[in-house]
Amino acid sequence: MNEGFNLSLWAIQRRSLVIFLVVLSAIAGILAYINLGRDEDPEFTFKTMIVSAGWPGGTIEQTTDQITDRLERTLEEVPHLDSLRSLTTAGQAIVYVTLDDSTPPDQVGESWYQARKKVGDMVSTLPAGVRGPFFNDDFGDTFGIIYGFTSDGFTDREVRDWAYEARTRLLKIDNIGKVQLIGTQDETIYIEFSTERLASLGLSAATVIGTIQAQNAVLPAGLITSAQDRTILQVSGSLADEATLRQLNIPTASGFVRLGDIASVVRGTVDPPQPRFRIKGKPAIGIAISMASGGDILQLGQNIEATMQKLEDDLPIGINLTHVASQPAVVKTAIRGFTTSLGQAVVIVLGVSFLALGIRAGIAVAVSIPLVLALTFLFMDISGIALQRVSLGALIIALTLMIDDTMVTVETMMAKLEQGYERVQAASHAYTSTAFPMLAGTLVTIAGFIPVGFASSSSGEYARSLFLVIGFALIVSWLVAVLLTPIVGLAVLKSGTATGPKEDGALIRGFKNLLYACMRMRLLVVLATAALFVAALLGSSAMKRQFFPASDRPELILQLTLPQSASQEATAVEVSKAEEVLAADEDVADWSFYIGSDPVRFYLSMDLQAPAPSRAQAVVIAKSVGVREALQARLQQALDEKLPDIIVRVSPLEMGPPVGWPVQYRVSGPDIPGVRNVAWQVADAISKVPGVVQPNLDWNEPVRKIVINVDHDRARLVGLNSSVIAQTLFATASGIPITQVRDSIYLINVVARAAADERINISTIRTLQIPVGPNNTVPLSSIATIDYQTTQPVIWRRDGSTTITVQADTAEGVLAAGVVEAAAAKIDELRNANPRYPIEVGGAVEGAEEGLASVVEMLPVMAVIILIVLMFQLQSVQRLLLVISVVPLGLIGVVLIMLITNTPVGFIAVLGMIALIGMITRNSVVLIDQIDLAIEEKGRTWRSVIDVTAQRLRPVFLTAGSTVLGMLPIIRDPFWSPLAFTVIGGLVVAAALTLIFLPVLYVLWFRVPAKAEAENIETSTTKPAAAGV
């Protein structure tokens, strides 16, 4: 590029046009920044769909065989399928369809379409009476804004009416995605009658039910059409409420009797209750709000807050509105923190520039930063990348790298001006001498982020904006360096006078002497460096491993798990005890409890499970992030002591794709007893590993089951059959829905059931009276025997095999990878001893392996691109090998700093290591290029190598220093600190080794003769040279 078209000269000659475009770009960037979406985390595609079906009356074994198994076999044909997990209960089947993590996001919708189509084609093969199947592919919707309605003196219906009013108003706001109510209890009208009372009146339950259904039927009455008009006919008498039900006349043999005289008719809520919601110990109805894709959560939050404020003004006294979760507030705080870090990084980088280059040269560098950021904001707006955790971190990382090209151009101009070059010639010289090496270095650095940008996994999708933002910023920084920086340099830099070579300072003389001594011991230096690298490899095994760190939000998730036979009422009792602990802790700012289900997904990275009456979860908000860790330990201890008979887990929110319990082992097999036995052995094995807390099985405990063995011959003698007996049992135990009352926008089930004193329980089931005809009953024990058995309340399967997951938490400072490694020998023994029962590692370790595997897959592509760029620049295989030999040396610094700071290595740290490849290669390429030029000009001697390496000392440490110092603001962030430490440690050590090891290896490899060994190196002089990239 020494001849031909000069882009810098072209820009100088058309500086008015360039400045106009710069101003236009800056304005567009500012507008783009204002228009950018704001969010907490980058969006990523949830690749899980839920397929469910109900079969009332089916046993758990029948449901598994007839519903779950058929659905699983059909769903196995879904494209890109990774796994099928199914949860079966008596009469209910839920199948989680999970696609392979490498499935492109734009193909997920097609897979869900195929799932619906294939299941739709097999519906006819399901048993009669099956409800569904139903599909839910919105599993990943995030409801980041939650309000709660509590009341004093108002009915559930009245509170629910106001919740619906809020929903109606909210749906009119722009960028609203969904509005969902939480904790609502459907109203039910119960008709409770005594079978003995009915029998005394010559009535049967069937007669009463038939009369009610006939009275409430919705049937057309016809239409009268004349020559002029049409008249609609309508028959009155439909049931409006419980009062009209009480007044309903029931025919008897002797006349009529009011329903209210023979039965109790009351309005209540569904029994057993639906999942409930509580706010600080009070029953509540929640309203959860999600944002439409691509929206601005901050603007949405303001609009919602204004709407809810108006609603609160309209609420009657006694109904209170509480803000339970506010993602806009969290995002605002996070973005404020990141923009502060970005501002600090800008100040640090500018400070380094001014100190190293001087005021005038520093101004030339400073001008480029806002322009590159503005153009990057414009790119983000066009590409739909919001301001969120990853993109803001990428801006900070890009900032530390983007000034490198500008520094090269400025230093080259300064050097040429000092040599007496004419100003325009000096300004355009950087392009002819360094433009292509700068571009090659930029491309190599960008290539280092390719594994992040093209990783085909949820983790890669989560971090993809890192590659896009950094890549675009670096390309723009190169364009700014060759187009704008020469123009700015002409305006601010003074003309110089050729004064001859400048004398070396003490630092340069000391460095030259050090390098000369290393060259004399070149073989020892190479071997010592290799030994350090081997030591780093060995030391890497001591580094802790963690997939993603815990979130930096103040929330804690409190999970209560009772035995699976527990009712929701029993769970509510434990919840009340837990709330006493929460209320007594001064560091708890707020909490909300979800009984019978997990919380609504208010945060993207949440591991949500299917609703179950034996489970409850609370979202506990600490007063600050600083007290969260101590609060977690204190609550865990207090709740373990207060609730010793249940599993209590207090944990922070996760970052990245959700995992749940960090330590998990899946045990699969053909039969439940065998799987359970091996699972208990696995639990026992990991319980012996230090730091393992609360090992447990995700399902295991059987529940009681009463089997009614009907003597069909005796039952037929009295006119009964199994259907009538089952209906009677259902009506007496739970109640039978017989019709619906249409009340405003609600449909209220009318349920017939026995009076409270006749309702059966385990002790009275034998004496249950079965109605026979209009006037007689027979005891159940006369036509059936009662067997007491046990059964499984749930059955989990994975890919068609019964699966129990052994799960555990870890103590502070203990990571899941360490536990799995410590238990590996015992787990292998169990695998060998039980070949029919595969044991697979899950949890954080599996997530890390899958996430990193997608990144590792792209390493060959990255390597090929880097090699191609290097070969175009170096045009020598030997020199290419020299550059490559320096790249792994960054590991020395990485291992050292990670061990010293006790920072775990995870997905983000690995991204930092991969990015280091490009950063280190960049410096090595330029040094090799400069050494070759020096040898060509000055001769093949050590002096040539030493002089040019000394010239690279300042630019190498200047760019490395700005990068290292620019990383300091994000060291405090738990998400970015592993990457920051990785880059800091790796780059500092690699920079030092580049200036020592690489010249020594060059001399050794090419057998460069010393020749001038006897000369006094301390008196050598050098002229200013262009700083490399």
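The values are calculated or read from the model by the stated rules, or taken from the named source; none is laboratory data. Note that the coordinates shown come from a computational prediction; the quantities given were computed from them, not determined experimentally. Virtual Cβ from ideal backbone geometry, glycine too; neighbours counted across all protein chains shown.
Observations on the structure shown:
- Within the range 146-176, considering residues that are small (Gly, Ala, Ser) and more than 22 Å from Pro611 (Cβ to Cβ), the one modelled with the lowest pLDDT: Gly153
- Yes/no for Leu126 being within 19 Å of Ala610 (Cβ to Cβ), touching a Lys or Arg at 6+ places or on another chain (Cβ under 8 Å) and touching a residue at least 12 places away in the same chain (Cβ under 8 Å): no
- Boolean, Gly912 is among the small types (Gly, Ala, Ser) and touching a Lys or Arg at 6+ places or on another chain (Cβ under 8 Å): no
- Number of positions in the range 100-132 that are over 19 Å from Asp799 (Cβ atoms) and either in contact with a helix residue (DSSP H, G or I) (Cβ under 7 Å, 6 or more places away or on another chain) or among the β-branched types (Val, Ile, Thr) (or both): 7
- Scan of the range 249-273 for residues that are among the polar types (S, T, N, Q) and either modelled with pLDDT of 90 or more or part of a strand (DSSP E or B) (or both), ordered by number: Asn249, Thr252, Ser264, Thr269
- Candidates are the residues of the range 125-164 that are charged (D, E, K, R) and under 30 Å from Pro657 (Cα atoms); the one that is surrounded by the most Cβ atoms within 10 Å (Cβ to Cβ) is Asp137.
- Failed item, numbered, when Pro838 is tested on (1) surrounded by 14 or more Cβ atoms within 10 Å (Cβ to Cβ); (2) closer than 13 Å to Ala685 by Cβ: (2)
- Every residue from the range 567-598 that is assigned to a loop (DSSP other than H, G, I, E, B) and either at pLDDT below 90 or of a type in the set (S, T, N, Q) (or both): Ser567, Ser597, Asp598
- Across the range 892-917, the qualifying residues are those that are part of a helix (DSSP H, G or I), in contact with a Phe, Trp or Tyr (Cβ under 7 Å, 6 or more places away or on another chain) and not aromatic (Phe, Trp, Tyr), and the one among them that is nearest to Ala463 (Cα to Cα) is Ile908.
- Note on the range 807-826: residues that are surrounded by fewer than 20 Cβ atoms within 10 Å (Cβ to Cβ) and part of a helix (DSSP H, G or I) amount to 5.
- Qualifying residue in the range 203-215 (condition: surrounded by fewer than 18 Cβ atoms within 10 Å (Cβ to Cβ), under 56 Å from the mean Cα position of the chain (by Cα) and not in a helix (DSSP H, G or I)): no
- Taking (1) under 45 Å from the mean Cα position of the chain (by Cα); (2) without any contact (Cβ under 8 Å) to a residue 60 or more places away in the chain in turn, Asn721 satisfies each apart from (1).
- Selection of helices (runs of 4 or more DSSP H) fully inside the range 655-740 by the criterion of at least 2 residues being modelled with pLDDT under 80 and either touching a strand residue (DSSP E or B) at 6+ places or on another chain (Cβ under 8 Å) or surrounded by 15 or more Cβ atoms within 10 Å (Cβ to Cβ) (or both) returns 722-733.
- Condition met for Tyr421 (surrounded by 24 or more Cβ atoms within 10 Å (Cβ to Cβ) and either among the β-branched types (Val, Ile, Thr) or on the phi < 0 side of the Ramachandran plot (or both)): no
- Verdict on Pro613 being out of contact with any Lys or Arg (no Cβ under 9 Å at 6 or more places or on another chain), crowded, with 19+ Cβ neighbours inside 10 Å and in a loop (DSSP other than H, G, I, E, B): yes
- Condition check for Ser576: in contact with a helix residue (DSSP H, G or I) (Cβ under 8 Å, 6 or more places away or on another chain), of a type in the set (Gly, Ala, Ser) and more than 16 Å from Gly144 (Cα to Cα): no
- Residue, farthest from Ser458 (Cα to Cα), within the range 854-879, restricted to residues that are buried (at least 16 other Cβ atoms within 10 Å of the Cβ), over 36 Å from the mean Cα position of the chain (by Cα) and in contact (Cβ under 8 Å) with a residue 60 or more places away in the chain: Gln873
- Residue that is farthest from Ala589 (Cα to Cα), among those in the range 288-307 that are among the hydrophobic types (A, V, I, L, M, F, W, C), touching a residue at least 60 places away in the same chain (Cβ under 8 Å) and surrounded by fewer than 20 Cβ atoms within 10 Å (Cβ to Cβ): Ala292
- Condition met for Ala481 (within 30 Å of Gln875 (Cβ to Cβ), surrounded by 17 or more Cβ atoms within 10 Å (Cβ to Cβ), out of contact with any Ser or Thr (no Cβ under 9 Å at 6 or more places or on another chain) and in contact (Cβ under 8 Å) with a residue 40 or more places away in the chain): no
- Test for Leu439: is it surrounded by fewer than 24 Cβ atoms within 10 Å (Cβ to Cβ) and of a type outside the set (S, T, N, Q): yes
- Selected residue (only one of Ala481, Ala517, Ala542 is closer than 26 Å to Gly912 by Cβ and at pLDDT 85 or above): Ala481
- The listed residues are Ile285, Ile279, Ile289, and the only one of them that is at pLDDT 90 or above, of a type in the set (A, V, I, L, M, F, W, C), more than 26 Å from the chain's Cα centre (by Cα) and not assigned by TED's automatic domain parsing to the domain that holds Ala756 turns out to be Ile285.
- Residue check: Ser541 meets all listed conditions (1) in contact (Cβ under 8 Å) with a residue 60 or more places away in the chain; (2) of a type in the set (Ser, Thr, Tyr); (3) more than 19 Å from Val650 (Cβ to Cβ); (4) out of contact with any Asp or Glu (no Cβ under 9 Å at 6 or more places or on another chain) but one, namely (1).
- Condition met for Asp65 (within 36 Å of the chain's Cα centre (by Cα), in contact (Cβ under 8 Å) with a residue 40 or more places away in the chain and not assigned by TED's automatic domain parsing to the domain that holds Thr376): no
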